[in-house]
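The values are calculated or read from the model by the stated rules, or taken from the named source; none is laboratory data. What you see is a predicted model, and the numbers here were worked out from it, not measured in a lab. Note: ideal-geometry Cβ built from the backbone for every residue, glycine included; neighbour counts use all protein chains shown. Side chains are part of the model used for accessible areas, which takes the heavy atoms of the whole protein and leaves out ligands, DNA and RNA. Shrake-Rupley method; radii C 1.70, N 1.55, O 1.52, S 1.80 Å.
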Amino acid sequence: MKFANYYEQDRLENSPFEEFDRHHKHNPTHTNRLLRSRFLNLGIELNTPDVNKGRKIEFSLFNNAMNIRDVIGPKYLIASENPYICPLNINLDYLKCFEQVFTWNSDLLYLPNATKIFVPNNISIEQFTPFHERKIFSCLINANKAFNREIAGDLYAERIRVIRWHEKEAPNQFALFGLGWGKPGPAFSFSSKIIRRMQRLATQLFHYKPFPSYQGSIENKGEVYSNTKFSFCYENVAGLPDYITEKIFDSFFWGCVPIYWGANSIDEHIPKGCFIDRRDFKDTSEVHRFLLSIDEKKYHTYQENIRDFLNSTAAMKFDTNSFVDIITKKIYADLS
């Protein structure tokens, strides 16, 4: 048996390969477990570095960029996080240090060591609840986060605008779910931190609700999506080429029609008839009016389009199996 190191920020004791992520309950480990299983089939045991201590290492695989200064031998990078959160994922000097960089970012594919991947999803199709049985009109499922600086295409801020519009204009036709919405949003300047602290005290002492539409955290997104007609699926950043994450797929799997905003190339990979493109509307008010115009027949058409897409070969490039195949085959070929 040969051995390889798997690096993921703050992960030790092979925790990335456990069935449930002890660090983040909404972070599925299916992809990591499948990756490790495929390498085992090739005679290579993938472990976190602490588990492999003292062993000869064939290569090191990094899940997003981090410090590689003391890592010797062949190195590979899975650059799946967006560059506003992980800037090294597009740092050309850094990327030169790797045998291969696996990236969704089409702007990097001119590099001789770049290989195309898509953010992986465990593609599946559940039973689609029909239109008239879905009791929630629209929803948003995300964590309460924000960028600590102003950036172009900030969709964290757009999510807040969606929430506030509905809380004012259509409170009975929207529900907010996810982590952290029971307290005020993140603050970074001195004055905003003071305001946040006062609001936080108000939530503790007077049961003040910073987000009145908040319905709580959830264990399974499917519990919400199967009971909701429309979901706001906004990436963290707009305009990145092929940065298509799990958000739209989580909605698809349960036959919930997404309002999508994110990758500027979305319609090159997913048919327009499967989702509502937020770029086609001026604001949330226009989106809402359009949603109200969708009847049961039109909704069923969206669901049929979603089903057809998930059953197509076009969807398979987003599947975890494709993601794992590309990585394992490329690395194994290099070793051979």
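Once the range 184-241 is narrowed to residues that are within 30 Å of D107 (Cα to Cα) and surrounded by fewer than 16 Cβ atoms within 10 Å (Cβ to Cβ), the residue that is modelled with the lowest pLDDT is P241. For the range 54-65, a tally of residues being farther than 20 Å from Y243 by Cα and either in contact (Cβ under 8 Å) with a residue 40 or more places away in the chain or under 23 Å from the mean Cα position of the chain (by Cα) (or both) returns 7.
The set of residues in the range 260-282 that are more than 27 Å from L108 (Cβ to Cβ) and touching a residue at least 60 places away in the same chain (Cβ under 8 Å) is empty. Taken as a whole, the condition of being under 30 Å from S37 (Cβ atoms), out of contact with any His (no Cβ under 8 Å at 6 or more places or on another chain) and at pLDDT below 95 does not apply to L310. Looking at E150, E158, which is the one that is in a helix (DSSP H, G or I) and among the acidic types (D, E)? None of the other options fit; the residue is E158. Would you point out the residue of the range 95-115, among those that are open to solvent by 70 Å² or more (accessible area, probe 1.4 Å) and touching a residue at least 40 places away in the same chain (Cβ under 8 Å), that is nearest to the chain's Cα centre (by Cα)? Applying the filter and picking the extreme gives D107. Those helices (runs of 4 or more DSSP H) of the range 283-328 in which 1 or more residues are touching a strand residue (DSSP E or B) at 6+ places or on another chain (Cβ under 8 Å) and of a type in the set (A, V, I, L, M) occupy 284-292, 296-310.
Where residues in the range 246-281 are of a type in the set (A, V, I, L, M), assigned to a strand (DSSP E or B) and in contact with a Cys (Cβ under 9 Å, 6 or more places away or on another chain), which of them is nearest to T313 (Cα to Cα)? Per the stated criteria, the residue is V257.
Restricting attention to the range 51-70, the residues being closer than 23 Å to T328 by Cβ and out of contact with any Gly (no Cβ under 7 Å at 6 or more places or on another chain) number 12.
In the set (1) open to solvent by less than 10 Å² (accessible area, probe 1.4 Å); (2) over 17 Å from the mean Cα position of the chain (by Cα), D308 fails one condition alone, (1). Here the condition is being assigned to a loop (DSSP other than H, G, I, E, B), hydrophobic (A, V, I, L, M, F, W, C), on the phi < 0 side of the Ramachandran plot and in contact with a Lys or Arg (Cβ under 6 Å, 6 or more places away or on another chain); of F118, F128, F137, it holds for F118 alone. Each residue in the range 124-142 was checked for being under 20 Å from I248 (Cβ atoms) and either modelled with pLDDT of 95 or more or open to solvent by less than 30 Å² (accessible area, probe 1.4 Å) (or both), and 11 pass. Take L155 and decide whether it is free of Cβ contacts under 8 Å to residues at least 60 places away in the same chain, in contact with a Phe, Trp or Tyr (Cβ under 9 Å, 6 or more places away or on another chain) and among the aliphatic types (A, V, I, L, M). Answer is no for this residue.
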